[in-house]
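> Handing you a structure now.
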């Protein structure tokens with residue numbers, strides 16, 4: 001792997017910083033989404049709204065669920081603080097029920113863009 005290929009994208013680092021700065025608000029929003037999900041309500045529009053407001057953070061969240069090893073590698077490479085890693089792990093643990101819904105949204109948008 002070349003050094004260029006191994007660099008962590010600045011966009012990822014910015015979104016990660018935004019995630020950590022706005023974590024209380026993000027957790028609150030996802031608590032509301034999860035509450036709807038547990039009640040059997042459709043959450044697709046809620047996820048789409050979150051994604052449109054915070055596209056970079058949405059990518060980080062999607063990666064937390066679906067590219068965990070890659071995210072860990074990026075965190076190691078950038079020497080991300082343990083506290084920030086714990087917040088990310090807490091998010092993944094707390095909202096793991098939503099992972100499939102997030103994945104379906106991403107796949108739906110990929111198919112629609114073709």
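> Looking at residue 105 and the list (1) surrounded by 11 or more Cβ atoms within 10 Å (Cβ to Cβ); (2) more than 24 Å from residue 9 (Cα to Cα), which single condition is not satisfied?
Status for residue 105: all satisfied but (2).
> Another question about this same structure. So residue 40 clears everything in (1) touching a residue at least 12 places away in the same chain (Cβ under 8 Å); (2) at positive phi except one condition, right? Which one?
Result: residue 40 passes all but (1).
> Tell me the residue from 71, 59, 80 that is in a loop (DSSP other than H, G, I, E, B) and under 17 Å from residue 18 (Cα atoms), please. First the steps, then the outcome.
On the way: 71 fails: in a loop (DSSP other than H, G, I, E, B); 59 fails: in a loop (DSSP other than H, G, I, E, B).
Only one candidate passes the filter, namely 80.
> A further question on this structure: Hey, can you tell me all the residues within the stretch 83-102 that are in a helix (DSSP H, G or I), touching a residue at least 12 places away in the same chain (Cβ under 8 Å) and surrounded by 14 or more Cβ atoms within 10 Å (Cβ to Cβ)?
84, 87, 88, 91, 92, 98, 99, 101, 102
> Filter the stretch 7-27 for residues that are without any contact (Cβ under 8 Å) to a residue 12 or more places away in the chain, over 19 Å from residue 83 (Cβ atoms) and part of a helix (DSSP H, G or I) and give the result. Explain how you work it out, then say what you get.
The first filter runs over the stretch 7-27 and keeps only residues without any contact (Cβ under 8 Å) to a residue 12 or more places away in the chain, leaving 7, 9-10, 17, 21, 24-25.
Those still in the list that are over 19 Å from residue 83 (Cβ atoms) too: 7, 9-10.
The one that is without any contact (Cβ under 8 Å) to a residue 12 or more places away in the chain, over 19 Å from residue 83 (Cβ atoms) and part of a helix (DSSP H, G or I): 10.
Throughout, read-outs are computed from the coordinates displayed, never taken from laboratory work. Just so it is clear, the model here is predicted, and its values are computed rather than measured. For neighbour counting, all protein chains shown are included, and Cβ atoms are generated from backbone atoms with ideal geometry for every residue, glycine included.
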